[in-house]
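The values are calculated or read from the model by the stated rules, or taken from the named source; none is laboratory data. These numbers were taken from a predicted model, which means no experiment stands behind them. Quick reminder, even Gly has a Cβ in these numbers, built from the backbone with ideal geometry, and neighbours come from all protein chains shown.
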Amino acid sequence: MRVDEYLTYDATGLAQLIAAKEVTATEVLAAARERAAAVNPRINAIVADIPEADEQAADEALSGPFAGVPFLVKDLAQEYAGHPTTYGSRSLVDDVAEEHSYFTRSALDAGLVIFGKTNTPELGSKGITEPELFGPARNPWNTDHTPGGSSGGSGAAVAAGIVPVAGANDGGGSIRIPAACNGLVGLKTTRGLLPLGPHSLDPSNGFVVQGVVTRTVRDAAGLYDALAGDQPLAMLHAPRPETAFAEAVATSPRKLRIGFTSASSITAPDPEAIAAVEQAAAALEALGHEVEEVEAPYDAAELGRDFLSIWFASAAANVAEVKRRTGAKDTDFEADTLAVAELGRAGGVVAVELAHMNRRNHVRRLSEFHAAYDLLLTPTLAKPPLRVGEVTTPKALQTAARLLYKLRGGRVMRATGLIDQLVDENLGWVPYTQLANLTGRPAISVPTYRTGAGLPLGVQLSGQLGDDGLLLQVAAQLEQATPWAEHRALL
């Protein structure tokens with residue numbers, strides 16, 4: 001299979017070709033590897049090779065709905081037995097997985113051929129992908145810009161045509177942010193739908209879900225059908241929908257009431273983000289839905305503080321656990337990671353518990369909103385993809401952060417108002433995504449918009465618990481109205 005042919009197919013199309021014996025899995029894998037060799041040096045999306053893929057592709061017994069389709073897993077919480085899972089950190093470069101994660105096992109059972117691992121920020125803690133360990137991943141649409149994070153390597157790989165789909169996960173927007181930056185479809189599912197574990201059973205207090213980024217809605221629907229399933233050690237399990245996602249997207253949804261807003265109490269959104277939502281609202285109205293502008297059913301700044309209070313505490317626990325398990329030292333972690341961990345440690349249990357209690361308020365406000373509206377439409381990002389290095393912490397502040405961590409100066413850091421500053425700086429360009437993680441609700445980013453500079457800028461649709469199929473249905477409608485898969489990154 002020629003690379004130019006390979007680039008024209010999504011995962012569903014490739015699976016059909018392989019099943020019809022028009023091409024072999026080995027030939028398709030060769031095309032994927034050739035594309036990776038050509039473009040990965042420029043985007044730094046893939047950070048590790050999995051040579052077992054060649055044997056898997058050549059196996060005549062290979063089966064599953066996506067048998068033979070090339071795939072990449074994220075180098076975070078998607079462990080592949082016999083290979084390190086670094087989480088983008090020097091502290092874990094030798095942490096070889098003894099068994100596959102449930103997600104990886106589900107992907108292999110679906111017939112996906114996993115040939116590499118993708119770049120991610122240290123411990124998945126940022127909405128950009130610029131780890132010191134591997135260096136920054138870059139956006140295929142313009143390599144001066146970020147592909148987002150924390151599944152930025154996966155997003156860049158799919159947008160660049162290395163693979164049609166790739167593994168991702170989402171604890172605060174880490175599927176949807178890369179989807180928005182790279183012109184892809186990114187569904188964060190209802191909590192408990194896809195398997196987590198066995199290495200991490202309930203990461204970050206239930207914020208994190210497994211998933212994928214894709215170019216087409218039908219690929220997202222088919223992959224989630226194949227990957228969803230029971231988790232033997234699950235803290236929470238969401239049942240499979242009665243109607244398969246692939247079946248659902250073949251039909252149009254009922255007429256829906258959709259409220260839209262671009263407002264954020266953290267920052268004023270960029271005019272391009274406002275334009276993206278208004279364009280999507282007009283498209284949905286033209287499709288027959290009832291669409292109107294609403295007030296945001298949550299306070300983004302309040303939500304951001306609650307989110308970060310819990311996230312920081314998780315970071316403190318993660319750093320402590322990695323140290324305990326691997327013997328890692330402070331110097332094995334980035335300064336930003338240590339600063340966040342110290343803020344979490346110094347916050348104490350009361351701050352975390354209050355943030356958890358506030359989650360009920362966010363759920364209540366959403367329930368009141370959904371009594372009147374089926375879906376909420378917002379930007380995915382408050383501004384176009386950032387430039388690589390735009391939010392890098394200056395060296396002097398990194399040195400100070402390491403010293404404060406060593407001296408346990410978290411209380412001093414908190415007294416300076418640093419949390420509010422971090423809300424502004426880290427969530428200011430992505431204030432719309434954390435709501436779904438705090439409340440466990442599904443949300444999807446779809447690439448309906450391009451900026452004047454030619455960069456993708458997605459919009460987000462959020463629903464109620466179990467509305468994953470409905471979100472995919474609406475995404476399929478928008479895909480027909482604005483066929484984004486025709487656009488290609490000119491890399």
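Residues of the range 288-304 include none that is under 20 Å from GLN398 (Cα atoms), of a type in the set (Phe, Trp, Tyr) and either surrounded by 15 or more Cβ atoms within 10 Å (Cβ to Cβ) or assigned by TED's automatic domain parsing to the domain that holds PRO84 (or both).
Kindly indicate whether any position in the range 350-371 is in contact with a strand residue (DSSP E or B) (Cβ under 7 Å, 6 or more places away or on another chain) and either within 30 Å of TYR449 (Cβ to Cβ) or of a type outside the set (Ser, Thr, Tyr) (or both).
Yes - at least one qualifying residue is present in the range 350-371.
Name every residue in the range 422-456 that is of a type in the set (A, V, I, L, M, F, W, C), buried (at least 16 other Cβ atoms within 10 Å of the Cβ) and either outside any helix (DSSP H, G or I) or modelled with pLDDT of 75 or more (or both), in order of residue number. Result: LEU427, TRP429, VAL430, LEU435, ALA436, LEU438, ALA443, ILE444, VAL446, LEU455. Filtering the range 339-393 to residues that are farther than 17 Å from LEU438 by Cβ, out of contact with any Asp or Glu (no Cβ under 8 Å at 6 or more places or on another chain) and of a type in the set (A, V, I, L, M, F, W, C) leaves ALA339, VAL340, ALA341, LEU343, ALA346, VAL349, VAL350, ALA371, ALA372, LEU377, LEU381, LEU386. Looking at the range 190-201, can you tell me whether even one residue there is under 17 Å from the mean Cα position of the chain (by Cα), among the small types (Gly, Ala, Ser) and buried (at least 24 other Cβ atoms within 10 Å of the Cβ)? Checked against the condition, which is being under 17 Å from the mean Cα position of the chain (by Cα), among the small types (Gly, Ala, Ser) and buried (at least 24 other Cβ atoms within 10 Å of the Cβ), the range 190-201 yields no hits at all. Where helices (runs of 4 or more DSSP H) fall wholly inside the range 172-257, the ranges with 2 or more residues that are within 24 Å of VAL459 (Cβ to Cβ) are 176-182, 217-227, 245-248. Being surrounded by fewer than 21 Cβ atoms within 10 Å (Cβ to Cβ) and on the phi < 0 side of the Ramachandran plot is the filter here; which residues of the range 202-225 pass it? Residues satisfying the conditions are ASP202, PRO203, ASP225. Pairs meeting the criteria (first residue in the range 345-369 and buried (at least 18 other Cβ atoms within 10 Å of the Cβ), second residue of a type in the set (A, V, I, L, M) and outside any helix (DSSP H, G or I), beta carbons under 7 Å, at least 6 apart or on different chains) are PHE369/LEU376.
Restricting the search to the range 37-50, which residues are more than 12 Å from PHE71 (Cα to Cα) and touching a residue at least 24 places away in the same chain (Cβ under 8 Å)?
Here is the first cut: in the range 37-50, the ones more than 12 Å from PHE71 (Cα to Cα) are 37-45, 47-48.
The answer is ALA38, VAL39, ASN40, ARG42, ILE43, ASN44, ALA45, VAL47, ALA48.
Selection of helices (runs of 4 or more DSSP H) fully inside the range 307-421 by the criterion of at least 3 residues being under 30 Å from GLY183 (Cα atoms) returns 335-370. Every condition in (1) modelled with pLDDT of 95 or more; (2) surrounded by 15 or more Cβ atoms within 10 Å (Cβ to Cβ) holds for THR331 except the one numbered (2).
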